[in-house]
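Heads up, the thing below is written out as structure tokens.
The values are calculated or read from the model by the stated rules, or taken from the named source; none is laboratory data. It should be emphasised that the depicted structure is a prediction, and the values quoted were computed from it without experimental measurement. Glycine also receives a Cβ, built like all others from the backbone with ideal geometry; neighbour counts cover every protein chain displayed. Surface accessibility is based on the protein's heavy atoms, side chains included, excluding ligands, DNA and RNA. Shrake-Rupley method; radii C 1.70, N 1.55, O 1.52, S 1.80 Å.
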Amino acid sequence: MIIKLMQIPILKKMYIFFTNICSVIPDEIYLKMIFRIRTGKKLNLKNPMTFNEKIQWLKLHNRDKRYSVMVDKYQVRKYVTDKIGEEYLIPLLGVYDDANDIDIDKLPEEFVGKCTHDSGSVVLCKKKQDLTPDVRKKINQALKRKYYYASREYPYKNVKPRIIVEKMMHNSNGDGLIDYKFYCFHGEPRFLYVSAGLDNHMTARISFYNLDLTDAPFQRRDYQHFVNGG
């Protein structure tokens with residue numbers, strides 16, 4: 001529900017305003033406050049037991065500088081290249097500090113633009129004309145957003161805000177991409193996340209599965225689920 005509400009412009013602006021105002025609140029106090037609002041429970045940081053509690057503990061106590069490279073959509077490209085090879089990267093078409101500098105005459109007919117320092121500021125341009133002045137303005141507004149202050153995920157704190165433009169990718173049947181994520185614990189995969197249609201959050205589908213592809217004992221309530229694996 002929170003994700004869908006964030007698609008309403010006025011609510012999204014209010015949420016960003018709220019997180020900016022709260023930027024002066026120390027991390028631990030802020031996390032306890034948000035945890036209480038979202039779960040109705042007190043956050044136990046002295047002896048975290050649940051997955052959610054342990055994530056909050058990690059935000060405060062696991063601040064490995066390498067994570068900032070991994071969440072930076074531009075810097076991580078070199079990391080991936082060094083680890084497994086450039087052939088696993090989506091082709092990069094350009095890097096910009098301002099959306100108004102994007103020259104569509106130098107780009108293919110379709111492409112994807114996204115900010116390097118946050119989550120969600122993705123623009124799918126299926127034709128060049130989709131990159132309108134209003135869209136450029138929204139991208140520049142996202143560049144100014146201090147994403148770290150929304151949930152205090154430390155890796156995002158020092159990421160340089162930039163824009164990357166990449167090749168538009170498709171499935172072999174021409175449909176949008178299906179996204180797979182594996183959740184690992186102590187280096188071992190335990191659950192699988194599958195999403196499709198995230199170019200439209202109102203109709204997108206997301207489901208969690210065990211590794212044998214049976215339904216996991218938890219699901220998101222803010223998205224439709226896949227039915228019978230389809």
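Here are a few things to note about the model shown:
- Tally, over region 52-103, of residues that are in a loop (DSSP other than H, G, I, E, B) and under 21 Å from the mean Cα position of the chain (by Cα): 12
- Taking the criterion of being buried (at least 18 other Cβ atoms within 10 Å of the Cβ) and in a strand (DSSP E or B), the residues of region 120-146 that qualify are Val123, Cys125.
- Pairs with Cβ under 6 Å, 6+ apart, first in region 91-102 and farther than 12 Å from Tyr74 by Cα and among the basic types (Lys, Arg), second in a strand (DSSP E or B) and modelled with pLDDT under 95: none
- Residues in region 61-82 that are free of Cβ contacts under 8 Å to residues at least 60 places away in the same chain, open to solvent by 60 Å² or more (accessible area, probe 1.4 Å) and basic (Lys, Arg): Lys65, Arg66, Lys78.
- Counted residues, region 104-119 - those being in contact with a strand residue (DSSP E or B) (Cβ under 8 Å, 6 or more places away or on another chain), of a type in the set (D, E, K, R) and either assigned to a loop (DSSP other than H, G, I, E, B) or touching a residue at least 40 places away in the same chain (Cβ under 8 Å) (or both): 2
- Complete set of residues in region 193-208 that are surrounded by 16 or more Cβ atoms within 10 Å (Cβ to Cβ) and closer than 13 Å to Phe226 by Cβ: Val194, Ser195, Ala196, Gly197, Ala204, Arg205, Ile206, Ser207, Phe208
- If you filter region 209-230 down to residues that are in contact (Cβ under 8 Å) with a residue 60 or more places away in the chain and of a type outside the set (Phe, Trp, Tyr), you find that the one that is surrounded by the most Cβ atoms within 10 Å (Cβ to Cβ) is Asp222.
- Single condition Glu153 does not satisfy, out of (1) under 27 Å from Lys54 (Cα atoms); (2) among the charged types (D, E, K, R); (3) without any contact (Cβ under 8 Å) to a residue 12 or more places away in the chain: (3)
- Of the residues making up region 125-150, just one is among the basic types (Lys, Arg), touching a residue at least 40 places away in the same chain (Cβ under 8 Å) and farther than 18 Å from Asp98 by Cα, namely Lys126.
- Leu58 falls short on exactly one of the conditions (1) modelled with pLDDT under 95; (2) among the aliphatic types (A, V, I, L, M); (3) open to solvent by 30 Å² or more (accessible area, probe 1.4 Å), and that condition is (1).
- Taken together, the criteria place Tyr88 among residues that are under 21 Å from Val69 (Cβ atoms), of a type in the set (Phe, Trp, Tyr) and either without any contact (Cβ under 8 Å) to a residue 12 or more places away in the chain or surrounded by fewer than 16 Cβ atoms within 10 Å (Cβ to Cβ) (or both).
- Residue match in region 132-151 (condition: out of contact with any helix residue (DSSP H, G or I) (no Cβ under 9 Å at 6 or more places or on another chain) and on the phi > 0 side of the Ramachandran plot): no
- Check on Ile29, at pLDDT 90 or above, more than 26 Å from Phe191 (Cβ to Cβ) and exposed (fewer than 14 other Cβ atoms within 10 Å of the Cβ): yes
- The one condition in (1) in a loop (DSSP other than H, G, I, E, B); (2) at pLDDT below 95; (3) closer than 30 Å to Ile29 by Cβ; (4) not hydrophobic (A, V, I, L, M, F, W, C) that Tyr149 fails to fulfil: (1)
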